[in-house]
Each structure stands twice: as structure tokens, then as C-alpha cells.
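These notes concern the structure reproduced below.
The values are calculated or read from the model by the stated rules, or taken from the named source; none is laboratory data. Here the structure is a predicted model, which means the values were calculated and not measured. Cβ placement follows ideal geometry from the backbone for every residue including glycine, while neighbour counts extend to all protein chains displayed. Just the protein is used for accessible areas: all its heavy atoms, side chains included, with ligands, DNA and RNA removed. Shrake-Rupley method; radii C 1.70, N 1.55, O 1.52, S 1.80 Å.
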Amino acid sequence: MNRILTTIITSASFVYATLAIGGIADLHFVRPSSVMAAPGPGSEMERLQKFYLGVWEYTETYPKGPFAPNGGQNTGIYTSELGPGGNSVINRFHSKGPVGDFEGMLIMTWDPKEKSYKSYIFGNDFPGGIVETGNFEGDALAFRGEMSAGDSRVSMRSKTSIDAKGIMTSEELVSMGGKPEELLVRVVATRKP
């Protein structure tokens, strides 16, 4: 609540009115000096921004498995831009191909209390959203999360890195009902100039 009020107050001057009996006695436009500006994004968000911002073309490769019985490749584009105040990164993605037509949004932010990134994923092929928690492990960004699929729990783990040529590679592994992890999809992306 205080952050919202601080944002409102520092966004524009506000009207300070002193009411007197019978009407408005005095009207002033002031900017309080006691209110500090909201802090900008920290180093964790700056690292995430450098990692993701831009427009990316990508290929998803699905091995043969329960999700894609015949395997296959989809291609797509995602855009990654700053959220409000630079405190989040918003990715919008859309891919199509023999495996399906997937569209969604991913919002990532830094949670200072947990000292980890949070990822909120929304897609056209599942209800609700998926929440994942992650951190950089060296130069790779790793996220972990869970979701329900019928009566089973699905555990997910992803690892994303960018090589010296600027090519991003991401692998999503899943485990259903406590079984060993299997590769769900491998994504290779190139940032457009």
C-alpha cells in the first residue's frame, strides 16, 4: 500500500487543500520533499533484462514422448519487454508447427524476500497459470515449478543459457508422478537485430 501511495505522490504534484468553515480557504500545488522516489530495478533485474529483452525467433524441438508422440519441430517468435518500472520482464510467445499452436505470456520478476526469480506462465493449452522459482546457476538461468495434470503432479525444471554467439538454448524437463525426468522440449532462439 505504501509503495502505491509513494508512486501516486511522486508521479505528479498533488493538491493540498485546507478546508475552512464555509469553503476552501487556501489551495496549493506542492511536491512533498519527504517522499522519496521509488527505487529502480536492482542488479538482479538488470541481469534478467540483459538476458531476455528483445525480439527472438525460435525453434522448439520435441522428442517423441507422451506430449508429442511423433516428436517434431515448431517455430515461433517471442517478444520480451520491460514491465512497469523495469521491475519485471514480460515475454509474449507464439509458436506453430506439427506439434501444435502455442501462445502465451511469461512474466518474470525478482523476489527480494526469497532471493530468487519468480516466473508466472500463462498459455492457451492449460488453465490457470504456472508459478516457477529460479536463480542463475553460473551463466544459466534455472527455474523449477509444479502443476497438476489430471490426478498427477508434474514437476518441471528448465535451464536457459546464451552462448558467445548470442544464441539462447533452453531445455524443459518434466517428471510425472515422481518418475525420472524426461526432456519435454529444447528451444534454440536467436535475437533479431
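Per residue, how much accessible surface does the range 36-193 expose to a 1.4 Å probe? Answer in Å², no decimals.
57 Å²
For the range 67-120, which whole-number percentage of the solvent-accessible area (1.4 Å probe, protein heavy atoms only) is attributable to carbon and sulfur atoms?
The nonpolar share, carbon plus sulfur, comes to 57 percent.
If each residue of separation counts as 0.36 nm, what is the full-extension length gain between residue 124 and residue 75 once their alpha-carbon separation is subtracted?
16.0 nm
Within the range 99-193, report the GluC sites (Glu not before Pro) that DSSP leaves as loop and that have at most 11 other Cβ atoms within 10 Å.
Here the sparse-neighbourhood loop sites are 114.
Residues in the range 156-193 near a label at residue 55, defined as backbone nitrogen under 13 Å from the 7 Å Cα→Cβ point?
191-193
Give me the lysines in straight-line cross-link reach of residue 165: C-alpha distance below 30 Å, same-chain residues under 8 apart excluded.
List returned: 50, 64, 96, 115, 118, 192.
If you stretched the chain out fully between residue 165 and residue 43, how much longer would it get, using 0.36 nm times the residue separation minus the C-alpha to C-alpha distance?
This chain segment gains 41.6 nm when fully extended.
I'd like the trypsin sites (Lys or Arg not before Pro) in the range 139-193 restricted to DSSP loop residues with at most 15 other Cβ atoms within 10 Å, sorted by number.
165
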